[in-house]
1. Enumerate by residue number the trypsin sites (Lys or Arg not before Pro) in the stretch 1-99 meeting two conditions: DSSP loop (anything except H, G, I, E, B), and at most 14 other Cβ atoms within 10 Å of the site's Cβ.
2. Around PHE71, which amide H atoms from residues at least 5 apart in sequence, or from another chain, sit under 5 Å from its own amide H, with H modelled in the peptide plane?
3. Across every pair of different alpha-carbon atoms, what Kirkwood hydrodynamic radius in Å does the stretch 7-82 reach?
4. With a point put 7 Å past each Cα toward its Cβ, work out how far ALA32 is from GLU77 in nm, to one decimal.
5. Work out, step by step, the length gained on full extension between ARG18 and ARG68: first 0.36 nm times the residue separation, then minus their alpha carbon distance; give nm to one decimal.
Amino acid sequence: MIKLGNIGACLTGRALGRRVRDLVLEELKSSARVALDFAGVEVVSHCFCDEAFGKLLQGMGSEEFRRRIKFFNCSPEVKSAIKFALGARLAEEDESCTELNTMDLKEVFLHVLHSSGQNKLLVGVEWRDMGYPVIAKKPG
């Protein structure tokens, strides 16, 4: 388990995100799963989340990421920032954004960062009442 609260209460910047991603990758060499404990973390920046988790997701693929990376003790604000970074990376995979792999989005968001079930707009993805991504809108 990687206790991110031991690093700091405010996790920001790409350099720190890279450091956390490197810790996760090192841990994955000897473990089937890595638990990320956010107890004591009050704030995370988008840059940090993208560098640490978005790039990890992009490199591993959504299925392996969902299976091997677990998030614990995330405040609603931290959870939201992580969701946003992961969604942005998934949306990047299809630059045209006409249709995303909704199974990948559903699995990542529902399994790793369980959605509240309310309607939400996240990185151009429309969420219906059950929290499932259904359509991606063209940027611009």
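Nothing in this text is a laboratory measurement; each read-out follows from the coordinates by a stated rule. Note that the structure is predicted; figures quoted are calculated from it, not measured. Note that we place each Cβ from the backbone using ideal geometry, even for glycine, and neighbour counts take in every protein chain shown.
1. Details: sites: LYS3, ARG14, ARG18, ARG19, ARG21, LYS29, ARG33, LYS55, ARG66, ARG67, ARG68, LYS70, LYS79, LYS83, ARG89; in loops: LYS29, ARG33.
When the trypsin sites (Lys or Arg not before Pro) of the stretch 1-99 are filtered for loop state and at most 14 Cβ neighbours within 10 Å, LYS29, ARG33 remain.
2. Answer set, sorted by chain and number: LEU36.
3. Details: mean 1/r = 0.0808 Å⁻¹.
Across the stretch 7-82, the inverse of the average 1/r is 12.4 Å.
4. With each label point 7 Å from Cα toward Cβ, the separation is 3.7 nm.
5. Working: separation 50, 0.36 × 50 = 18.00 nm, distance 1.83 nm.
Here the segment from ARG18 to ARG68 would lengthen by 16.2 nm.
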